[in-house]
Amino acid sequence: MEKLQLLQGVAAPLPRANIDTDIITPAKRLLDANRETMHEHTFEPLRFLADGSENPDFILNKPGYRDAVILITGRNFGCGSSRETAVWGLLGLGIRCVIAESFGDIFFNNCFQNSVLPIRLPAETIAELLAEAGDDQGNMQFQVDVASRTLTTPSGRSITFDLTADRQTALLEGLDEVGQTLKEDAATTAFQAQDRTARPWIYDLGTVD
Amino acid sequence: MSGATTLFDKLWQAHVVRSLGENLDLLHVDRHLIHDLSGARALTELQERGLAVRNPELCMAMPDHSVSSQPGRTLASSPFGERLGGGLRKMAEAAGIPFFGLEHPNQGIVHVVGPETGFTLPGSLLVCGDSHTSTHGALGALAWGIGSSEVVHVLATQTVRQRRPQSMRITINGELGEGVEAKDVILHIIGQLGVAAGTGHAVEYAGTTIAALGIEARMTICNLSIEFGARMGMIAPDQTTFEYLQGRPLAPKGAAWDRAVEYWRGLRSDDGAVFDREVTFAAAEIAPQVTWGTSPGQTLAVTGSIPTPDSFVEAEQRNNTEVALEYMGLSGGQSIAGTRIDRVFIGSCTNSRLSDLRRAARVAQGRNVASHVTAWVVPGSVQVKQAAEAEGLDEIFLAAGFEWREPGCAQCVATNGETVAPGERCVSTSNRNFVGRQGPKARTHLAGPAMAAAAAIAGEITDVRSFPPLGEAQ
């Protein structure tokens, strides 16, 4: 996994609640899913008009916000389907950090699998950040420092955010969960040996035929 | 802390392989369901990394999302069926994972097939790369949907890293009114609590209403847990659960069965167990529901009127309502009943089991689908389809003018190409009325199977209680 240590750039304000993963990645785009091209369809119902052209009113189509690295958005972002393509798409657009009052649980987890940092902040703070990000056509620079768990706004305000130590380490060092868990394989073997005597029916499945 | 623990605590604790600190545990995965949308890719990624599937015998794979529901279908009948379904077969078989292809008598939607084969068991920890995995909690399993990176993790390690969520109990007491079913109960709950109320929580459903429900109805309840943000929904296993499971092909047999039941009887929240949040509902207050907006929480009693944006205090809710009404082509203040529809879809992991089809058939029998409506019935699995045909439900539906189709996710998610056309209005027994869910610009109204059947006949959204059974369907 790619490391995420220090992020600096424009933050795009998208003040809308309950943006579900069907909006971030419409279902028909899942079929061809690949990490590299998914961003072409990200936010499709909002980002493009019926004729396929860009919707000039959508924030990521506006000058100054096209290269945003942070998205500031409404509560319950990423609710709905478990599709990880939603995160791939954001990543492909260059978004490495999403800031919202709350997130769908599965999306929140999927972010950390892809070196994207979701930050939860109180509603009042989100409102202030949205205002700041909306100023000056998006030329304002935000900064996210994973090591110090600090978000710095263009006005110089410093906001500390929550991030568990294991996730912080994984982001800073680009650690991959599969590799880490494989080191614990002996513990899994021991668990299964003991569990097999307690719950043999879990391991001795028949066949359907 | 007292000695009293919740069902959730017991399920969680039984699966801890190792604590990883900070409320984070490595948990053993007892059951892993794999489908066509992400399965082949995950198995390919594993192979590319030079890793093997650790416990293929604890997995089960089948195509459901991408396959056509057309009668006589093959993988070639849908745009991506061969690539995704065929790809999954190749990869699953190579890994030694049991696979149910289109020709197999156990093919179907993963969340229908898991329980009906006995693959899903009380007390098991079950995951799948699909957010409606919460369905399996109806049997007393600890079950939730995971992302595709986590699917690879489970394949490689047979474990999942998970933070312990908070606990929430939703108690529903009393008898359900005439024409009210499980779908109405859970839509009502989501409407009352809001679509993010369950975020970060594992939910247990309890109370006399739940206890009186059959297992399939309980699955409908648990299935929609994710629609108010809860990854896991569960119901303590009881005699109804054991009777449902006994004799299913993958359920334990003989002495192992007796031992398992003894273990399962302990899987309940102790008296005095404390939950982080508790909510109570009265069954008598719940009327047949139908959604009017683009979020499952935008629901109302079929006798009600569509809200106006002005009826909300919060600016955000006013705005959400306005946007949803525009997308849905509705005006605030109108009765929802009488809204003309174009399509009906009865199916999905929410409502495609035999009891769902029976309820729809009871309404359909002796009546005809309105001439301007296209109505589909898509059984959840080959087993459901065969059982329904054995009791003549297919003939009731066909005689009424419904299409009787082949098992899969079909028009719920429309990844098989079976979309609702732009601007068309569909009453659907599925789980999401999101913008574009059933196709670009498609307008979805969620409801239960009986309400959907009634809408097909009336040609508009209507109260199922004015459709008394005319025939002898069960």
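The values are calculated or read from the model by the stated rules, or taken from the named source; none is laboratory data. Source: prediction; values computed, not measured. Cβ coordinates were reconstructed from backbone atoms using ideal geometry, including for glycine residues, and neighbour counts include every protein chain displayed.
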Take the residues of the range A:56-78 that are within 14 Å of chain B (Cβ to nearest Cβ) and part of a strand (DSSP E or B): which is surrounded by the fewest Cβ atoms within 10 Å (Cβ to Cβ)? A:73
Could you look through the range B:328-347, keep only residues that are polar (S, T, N, Q) and assigned to a loop (DSSP other than H, G, I, E, B), and pick out the one that is farthest from residue B:422 (Cα to Cα)? B:334
Segments classed as strands (runs of 3 or more DSSP E), wholly inside the range B:358-448, with at least 2 members that are surrounded by fewer than 23 Cβ atoms within 10 Å (Cβ to Cβ): B:374-377
Please go through the range B:11-23 and give me each residue that is closer than 22 Å to residue B:269 by Cα and in contact (Cβ under 8 Å) with a residue 24 or more places away in the chain, ordered by number. B:11, B:12, B:14, B:15, B:23
For residue A:100, only one of the following conditions fails: (1) without any contact (Cβ under 8 Å) to a residue 24 or more places away in the chain; (2) within 14 Å of chain B (Cβ to nearest Cβ); (3) in contact with a strand residue (DSSP E or B) (Cβ under 7 Å, 6 or more places away or on another chain). What is its number? (1)
Taking the options B:301, B:273, B:287, B:283, name whichever one is over 23 Å from the mean Cα position of the chain (by Cα) and either more than 26 Å from residue A:123 (Cα to Cα) or outside the structural domain of residue B:113 (by TED's automatic domain parsing) (or both). B:273
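Conditions (1) out of contact with any Ser or Thr (no Cβ under 6 Å at 6 or more places or on another chain); (2) charged (D, E, K, R); (3) part of a loop (DSSP other than H, G, I, E, B); (4) surrounded by 24 or more Cβ atoms within 10 Å (Cβ to Cβ), marked per residue:
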{"residue": "B:114", "(1), (2), (3), (4)": "no, no, no, yes"}
{"residue": "B:119", "(1), (2), (3), (4)": "yes, no, yes, yes"}
{"residue": "B:123", "(1), (2), (3), (4)": "yes, no, yes, no"}
{"residue": "B:127", "(1), (2), (3), (4)": "yes, no, no, yes"}
{"residue": "B:134", "(1), (2), (3), (4)": "no, no, no, yes"}
{"residue": "B:137", "(1), (2), (3), (4)": "yes, no, no, yes"}
{"residue": "B:144", "(1), (2), (3), (4)": "no, no, no, yes"}
{"residue": "B:150", "(1), (2), (3), (4)": "yes, yes, no, yes"}
{"residue": "B:154", "(1), (2), (3), (4)": "yes, no, no, yes"}
Being crowded, with 24+ Cβ neighbours inside 10 Å, of a type in the set (Ser, Thr, Tyr), more than 22 Å from residue B:17 (Cα to Cα) and away from chain A (no Cβ under 14 Å) narrows it down to one of B:220, B:208, so name that one. B:220
Can you tell me which residue within the range B:10-35, out of those that are charged (D, E, K, R) and in a strand (DSSP E or B), is nearest to the other protein chains (Cβ to nearest Cβ)? B:18
Among the residues of the range B:197-231, which ones are in contact with a strand residue (DSSP E or B) (Cβ under 7 Å, 6 or more places away or on another chain), part of a helix (DSSP H, G or I) and of a type in the set (Ser, Thr, Tyr)? B:208, B:209, B:225
So which of B:429, B:462, B:444 ends up being away from every other protein chain (no Cβ under 14 Å), within 30 Å of residue A:28 (Cβ to Cβ) and of a type in the set (S, T, N, Q)? B:429
Looking at the range B:156-179, which of the residues that are outside any strand (DSSP E or B) and within 14 Å of chain A (Cβ to nearest Cβ) is surrounded by the fewest Cβ atoms within 10 Å (Cβ to Cβ)? B:164
For the range A:116-152, how many residues meet the condition of being modelled with pLDDT of 95 or more and farther than 21 Å from residue B:315 by Cα? 16
Selection count where residues are of a type in the set (Lys, Arg) and closer than 28 Å to residue B:122 by Cβ, scope the range B:1-59: 4
Could you list all residues from the range A:153-209 that are touching a Lys or Arg at 6+ places or on another chain (Cβ under 9 Å), surrounded by fewer than 12 Cβ atoms within 10 Å (Cβ to Cβ) and either facing chain B (nearest Cβ under 8 Å) or of a type in the set (Lys, Arg) (or both)? none
Would you confirm whether or not the range B:104-111 contains a residue that is within 13 Å of another protein chain (Cβ to nearest Cβ), part of a helix (DSSP H, G or I) and at pLDDT 95 or above? yes
Tell me yes or no: at least one residue of the range B:454-472 is crowded, with 24+ Cβ neighbours inside 10 Å, closer than 22 Å to residue B:292 by Cα and either of a type in the set (Ser, Thr, Tyr) or under 17 Å from the mean Cα position of the chain (by Cα) (or both). no
Can you tell me which condition residue B:240 does not meet? The list is (1) in a helix (DSSP H, G or I); (2) among the hydroxyl-bearing types (Ser, Thr, Tyr); (3) under 18 Å from the mean Cα position of the chain (by Cα), and all the others hold. (3)
Does the range B:78-90 contain any residue that is aromatic (Phe, Trp, Tyr) and in contact (Cβ under 8 Å) with a residue 60 or more places away in the chain? yes
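Quick grid of which residues meet (1) of a type in the set (D, E, K, R); (2) assigned by TED's automatic domain parsing to the domain that holds residue B:157; (3) touching a Gly at 6+ places or on another chain (Cβ under 7 Å); (4) buried (at least 24 other Cβ atoms within 10 Å of the Cβ):
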position: B:21; (1), (2), (3), (4): no, yes, no, no
position: B:32; (1), (2), (3), (4): no, yes, no, yes
position: B:44; (1), (2), (3), (4): no, yes, no, no
position: B:54; (1), (2), (3), (4): yes, yes, no, no
position: B:64; (1), (2), (3), (4): yes, yes, yes, yes
position: B:88; (1), (2), (3), (4): no, yes, yes, yes
Residue among A:25, A:21 that alone is over 21 Å from residue A:171 (Cα atoms) and in contact with a His (Cβ under 8 Å, 6 or more places away or on another chain): A:25
Look through the range B:68-86, keep the residues that are buried (at least 22 other Cβ atoms within 10 Å of the Cβ), assigned to a loop (DSSP other than H, G, I, E, B) and within 12 Å of another protein chain (Cβ to nearest Cβ), and return whichever of them is modelled with the lowest pLDDT. B:80
Looking across the range B:36-58 at residues that are part of a loop (DSSP other than H, G, I, E, B) and closer than 23 Å to residue B:409 by Cβ, the single one that is nearest to the other protein chains (Cβ to nearest Cβ) is B:37
Scanning the range B:180-196 for residues that are in a loop (DSSP other than H, G, I, E, B) and modelled with pLDDT of 95 or more, the one nearest to residue B:303 (Cα to Cα) turns out to be B:180
Output yes when any residue across the range B:447-461 is among the hydrophobic types (A, V, I, L, M, F, W, C), within 23 Å of residue B:383 (Cβ to Cβ) and touching a Lys or Arg at 6+ places or on another chain (Cβ under 6 Å), and no when none is. yes
Would you be able to say whether some residue in the range A:163-179 is assigned to a helix (DSSP H, G or I), acidic (Asp, Glu) and touching a residue at least 12 places away in the same chain (Cβ under 8 Å)? yes
